[in-house]
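Worksheet: one structure, shown below.
The values are calculated or read from the model by the stated rules, or taken from the named source; none is laboratory data. Note that the structure is predicted; figures quoted are calculated from it, not measured. Backbone-built Cβ (ideal geometry, glycine too); neighbour counts: all protein chains shown.
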Ligand code: ADP
Ligand code: MG
């Protein structure tokens, strides 16, 4: 399997996982938001699959760009443009590379985080996607020296899971949940949770591809 096919396999696994977790993410968002996160993410990744079929991308960056366009155009709410920006920045970071190294993968994840932070202005501790993605990027960079692209995503996913769990005790300072004050405490952030699920899907797809 070449890197373009592997990237497609990652997106397909992400779409499957968003479909399987639609209710779980929507339930989390109904506790501290407006109850649409699962539907938003599922709709966005189904649109990404359709776009991949018609665009038939020829590099890993083109695959990520197609996903970005689908998320930006099909997903309303905060998460669509944020994740759309993340995929676009990751795509730009990969450029026209046809092979992806572990270091390239970590760099793409770092670029994705940079896009989300620039657009959403959130920092660690604000109870958002950043609480999962920033520790994931740190773990990815550490893992990049030693191993495979799959290893980078596995390290990222493990750190993201912990990061998502860390949001339970937080109050939100960004997004809808920030209006709830102390009432947001005791609930895991939906966006941090979807970030963990997406990274775990990527790791599993790549572990299967190697
Ligand atoms: P909306 O809040 O517009 O209904 P979603 O429900 O799809 O959009 O997404 C909510 C998630 O978006 C939150 O759980 C949070 O993780 C994430 N989010 C919201 N605002 C920001 C932000 N400024 N930066 C990073 N993530 C954010
Ligand atoms: Mg919502």
Quiz item: Among the residues of the range 83-102, is there at least one that is assigned to a helix (DSSP H, G or I), within 16 Å of ligand 2 (Cβ to nearest atom) and under 19 Å from residue 178 (Cα atoms)?
Solution: no
Quiz prompt | Cross-chain or 6+ apart pairs with Cβ under 8 Å, the range 15-34 first and within 11 Å of residue 193 (Cβ to Cβ) and without any contact (Cβ under 8 Å) to a residue 12 or more places away in the chain, then outside any helix (DSSP H, G or I) and within 13 Å of ligand 1 (Cβ to nearest atom) | solution = 27/35
Quiz item: For the range 30-41, does any single residue satisfy the condition of being more than 30 Å from residue 181 (Cβ to Cβ) and either modelled with pLDDT of 95 or more or assigned to a helix (DSSP H, G or I) (or both)?
Solution: no
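A quick yes/no check of all residues on (1) touching a residue at least 60 places away in the same chain (Cβ under 8 Å); (2) over 13 Å from the mean Cα position of the chain (by Cα); (3) more than 25 Å from residue 162 (Cβ to Cβ):
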site	(1), (2), (3)
61	no, yes, yes
72	no, yes, yes
89	no, no, no
106	no, yes, no
109	no, no, no
Quiz item: Does the range 79-87 include one or more residues that are more than 10 Å from ligand 1 (Cβ to nearest atom) and over 18 Å from residue 198 (Cβ atoms)?
Solution: no
Quiz item: Among the residues of the range 1-54, which ones are away from ligand 1 (no atom under 16 Å from the Cβ) and surrounded by fewer than 16 Cβ atoms within 10 Å (Cβ to Cβ)?
Solution: 1, 2, 5, 16, 20, 50, 53, 54
Quiz item: If you go through the range 137-153 one residue at a time, do you hit one that is within 16 Å of ligand 1 (Cβ to nearest atom) and more than 22 Å from residue 37 (Cα to Cα)?
Solution: yes
Exercise. Please go through the range 117-128 and pick out each residue that is in a helix (DSSP H, G or I) and more than 16 Å from ligand 2 (Cβ to nearest atom).
Key: 117, 118, 119
